[in-house]
Amino acid sequence: MALRTIRTEGDPILTKKCRPVEELTPKLRELIHDMFDTMYEAFGVGLAAPQVGVLKRIVVIDIGDDPIVLINPEIIETSGEQTGDEGCLSVPGKSGCVTRPNYVKVRALDEDMEEIELEGTELLARAFCHELDHLDGKMYTSLVEGELHTVVYDDEE
């Protein structure tokens, strides 16, 4: 597969609403695999299609369990609250404090275009919300409480 260029904050594509996927073409299957490769290469846990320049409602997530593909996802239930640091591959080297639901249920289509419902708490709930926001042209930076701060990695201290 191929690595795609991750669009960064300021790129107008990140502010646009994505179109639904009507049929999963070979080109879109390739996009999904490329999105996983790109996300892993950048050490991310989620990536939305507009972050690689494609205005389609496709998200990939891997928080360390099983890789998740969501096509035309929608949040159908939330509860609770969590507040914590959040980052984004489109805002490299920065993070900020964001409050999100602690439980999220999503309905989407999988790679076989079959309807699925998935539930997540904590990091997975945060990833669902963060990535689905991208599909509507929303960046987490608009939700940050206070200021963005520079991420310091352990090997830089």
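What follows draws every value from the coordinates through simple rules; no lab data is involved. None of these values were measured; they are calculated from a predicted model. Cβ: placed from backbone, ideal geometry, glycine included. Neighbour counts: every protein chain shown.
Quick check on segment 108-156: of everything there that is farther than 18 Å from Ser79 by Cβ and of a type in the set (Val, Ile, Thr), which residue is surrounded by the fewest Cβ atoms within 10 Å (Cβ to Cβ)?
Among them, the one singled out is Thr150.
What pairs come up if the first residue lies in segment 87-107 and is at positive phi, the second is surrounded by 20 or more Cβ atoms within 10 Å (Cβ to Cβ), and their beta carbons are under 9 Å apart, counting only those six or more places apart or on different chains?
Hits for this filter: zero, empty list.
Given the structure, is Ala42 among the small types (Gly, Ala, Ser) and under 13 Å from Leu132 (Cβ atoms)?
No: the conditions fail for Ala42.
Restricting attention to segment 44-57, does a residue exist that is touching a Pro at 6+ places or on another chain (Cβ under 6 Å) and within 19 Å of Ser142 (Cβ to Cβ)?
No, the conditions are met nowhere in segment 44-57.
Would you confirm whether any residue within segment 70-87 is touching a Lys or Arg at 6+ places or on another chain (Cβ under 7 Å) and farther than 25 Å from Glu122 by Cβ?
no
Looking for whichever is in a strand (DSSP E or B), farther than 27 Å from Thr25 by Cα and within 14 Å of the chain's Cα centre (by Cα) here; the options are Glu77, Glu86. Which one fits?
From the options Glu77, Glu86, the qualifying one is Glu86.
Specify the residue that is surrounded by the fewest Cβ atoms within 10 Å (Cβ to Cβ); the eligible residues are those in segment 1-57 that are of a type in the set (Val, Ile, Thr) and within 18 Å of Met113 (Cα to Cα).
Selected residue: Thr25.
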